[in-house]
Structures are given as structure tokens and as C-alpha cells.
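Before any comments, here is the structure.
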Amino acid sequence: MILVMLTSKAPLTLTLLLPLAAACDGWTLDYGKPAAQFEARDAATLAGIYLGEKVTVRGQVVSVDTSDPRNCVLQLHHGVTAKSALLAAGYAPGEVVYIDGIVRSAADGALVLEPAMGRDPTAPFNPQRR
């Protein structure tokens, strides 16, 4: 009897919690399709129209700062900065990476993605170009 009650409430609980989870940026990053994709050299110039949307950027790592584990910063060539607790060890300067992130700002030749996370390099990638 208790098992029946628990299993009958599970769909209701899931139905109530799912919209809350979908509202988070992390959910969008995990499952949302990027609005656009860019090479790092073009990202700061072209990504400004995607403010608040998820984009993918491919670029070479300049530096990795994990001094604050809750706010790791990955700096790519051409002024691309990716910030998130999800970015951490595993990236090294010189490595070419694919980063998904929400465009927080794109001004003065710099692009900030926050939150951001690594993307599977084998996933489809069709960058927009200048």
C-alpha cells in the first residue's frame, strides 16, 4: 500500500518540479540548442545580438583560473571569457575547446559567457563567420 502511494505521488512531484528546473540556466546549457555558434576570432563581433541566449564558441585556451572553485574563469584568445563553477580542471593553455554559454556581454572586442560549460567536440559545429 505504501509503495503504491509513493509511486502515485512521484509523477505529481516530477510535474511540479520540472518547470522549476527548466527555468535554470544550467538546464538551458545542458539541453538547449545554441542560438548560434562562433569561432573565437569572430565571437566578440557577432555574438552581441544574442545577449541572454546560449551560444557555442570554439577557441584556444589562454588561461584557466580555478582559484575560486565557485567562479572558475576560462580565457580564450580574441577576448572570450567563460565563467562558471562547471569550468574547472581539465583545460590547459593552448588547448582548443568548445564552450557553451549564455552571452552576458559583448562589447569593446570582448565576449563574456556566464554561466558556461564545456561542449562535446564531436557535436555538430557550424560557426557563423564575418
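The values are calculated or read from the model by the stated rules, or taken from the named source; none is laboratory data. Small disclaimer: the values here were computed from a predicted structure and weren't measured. In this analysis, Cβ positions are derived from the backbone assuming ideal geometry, glycine residues included, and neighbour counts consider all displayed protein chains.
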> Do we have residue 42 as surrounded by 10 or more Cβ atoms within 10 Å (Cβ to Cβ), at pLDDT 60 or above and out of contact with any strand residue (DSSP E or B) (no Cβ under 6 Å at 6 or more places or on another chain) here?
Replying inline: yes
> residue 36 is checked against (1) within 26 Å of residue 129 (Cβ to Cβ); (2) free of Cβ contacts under 8 Å to residues at least 60 places away in the same chain and fails just one. What number does that condition carry?
Replying inline: (2)
> Do we have residue 42 as of a type in the set (D, E, K, R) and out of contact with any His (no Cβ under 9 Å at 6 or more places or on another chain) here?
Replying inline: no
> Assuming residue 108 fulfils every condition listed in (1) modelled with pLDDT of 90 or more; (2) on the phi > 0 side of the Ramachandran plot; (3) surrounded by fewer than 18 Cβ atoms within 10 Å (Cβ to Cβ) apart from one, which condition is it?
Replying inline: (1)
> Just checking, how many residues over the stretch 53-90 are at negative phi and touching a helix residue (DSSP H, G or I) at 6+ places or on another chain (Cβ under 7 Å)?
Replying inline: 10
> Only one of (1) at pLDDT 90 or above; (2) over 23 Å from residue 125 (Cβ atoms) fails for residue 54. Which number is that?
Replying inline: (2)
> So, in the stretch 61-79, of the ones that are over 13 Å from residue 115 (Cα atoms) and among the hydrophobic types (A, V, I, L, M, F, W, C), which residue ends up farthest from the chain's Cα centre (by Cα)?
Replying inline: 62
>> If I filter the stretch 87-119 down to residues being charged (D, E, K, R) and touching a strand residue (DSSP E or B) at 6+ places or on another chain (Cβ under 7 Å), which single residue comes out as nearest to residue 64 (Cα to Cα)?
In response: 95
>> For the stretch 87-94, check the following and say yes or no: at least one residue is more than 18 Å from residue 41 (Cα to Cα) and either in contact with a Pro (Cβ under 8 Å, 6 or more places away or on another chain) or crowded, with 20+ Cβ neighbours inside 10 Å (or both).
In response: yes
>> Kindly evaluate residue 94 against the criterion of being at pLDDT 95 or above and within 17 Å of residue 121 (Cα to Cα).
In response: yes
